[in-house]
Amino acid sequence: MTHRLAPPARGRQTRAMITIRKFHHNDLDDVYAIYLAAVREGAARFYSEAQRQAWAPNDHPHPEWRDRLGDAVCYVASEDDMLLGFASITHDGHLDFLYVAPAQMGRGISKRVYDAAISDPALSNVTSFDVQASEYSRRFLLNQGWTDAPKETVERFDQKLPVYRMRFTRT
């Protein structure tokens, strides 16, 4: 499986404009590659290798991912036709995915895809949101006004993963 993830930004090179758009089904492989890279590489300072492998054990997306993302409010960020990150919120207010390619972290991409998803008209009647946040995403979500929660542990493939069940109420 070959994926076109954007390379790391270097120096002051001229870059194309970052585009935020809705997820298309043909984005699945690249979105999944971002997910794998974000978990397996980007989360390395918070989780052990065994924990990251348990979190993202498969090299290919499960068949339900296409519908899971397609049925939700899902936005992707792209630059030069390469995907950089994505966010997905279900119609009942669950922030299901928020991932950025590790080489693109620190460019404000999480905020842009998050803002697009949570502001989508399809979610205008949703006032309460929830998430099972990782150590890494917890800090970002606190900055977006989410309510912190005590650390919990979930188990996947005999690995204990710390998570935070956070909430956000839109007024």
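The values are calculated or read from the model by the stated rules, or taken from the named source; none is laboratory data. Note that the structure is predicted; figures quoted are calculated from it, not measured. Only protein heavy atoms, including side chains, enter the accessible area calculation; ligands, DNA and RNA are left aside. Shrake-Rupley method; radii C 1.70, N 1.55, O 1.52, S 1.80 Å.
Here are some notes:
- Cα-based reach from LYS22 at 17 Å (exclusive), listing lysines while leaving out same-chain residues under 8 positions away: LYS111
- Cα gyration tensor shape of the stretch 35-89, rounded if a/c is under 1.5, else prolate or oblate by comparing a/b with b/c: oblate
- 3J(HN,Hα) from dihedral phi, the stretch 120-136, Karplus parametrisation 6.51/-1.76/1.60, rounded to Hz, x for glycine, proline: 4, x, 5, 10, 4, 8, 8, 10, 10, 10, 9, 7, 9, 8, 7, 4, 6
- Placing one equal scatterer on every Cα of the chain and applying the Debye formula, the log10 ratio I(q)/I(0) at q = 0.10, 0.13 Å⁻¹ is -0.36, -0.63.
- Relative contact order of the stretch 27-161, taken over Cα pairs closer than 8 Å and 6 or more residues apart, is 24 percent.
- Estimated from helical segments only, the mean residue ellipticity of the chain at 222 nm is -7000 deg cm²/dmol, where each DSSP H run of four or more residues counts as -39500 (n - 2.57).
- Long-range amide H partners of LEU83 with built H, under 5 Å: ALA6
- Among GLU155, GLU49, GLU41, the largest mean-square fluctuation in a Gaussian network model of the chain, built with springs joining Cα atoms closer than 10 Å, belongs to GLU155.
- Cα shape, the stretch 88-171, gyration tensor, a/c 1.5 rule: oblate
- Computed from backbone phi with θ = phi - 60° and the Karplus coefficients 6.51, -1.76 and 1.60, the 3J(HN,Hα) list for the stretch 60-67 is 10, x, 5, x, 6, 4, 4, 6 Hz; x is used for glycine and proline.
- With every protein chain in place, the chain: carbon and sulfur % of accessible area (1.4 Å): 47
- Between ARG66, ARG138, ARG107, the GNM of the chain built on Cα springs shorter than 10 angstrom shows ARG107 fluctuating the most.
- Average accessible surface area per residue within the chain, 1.4 Å rolling probe, Å²: 54
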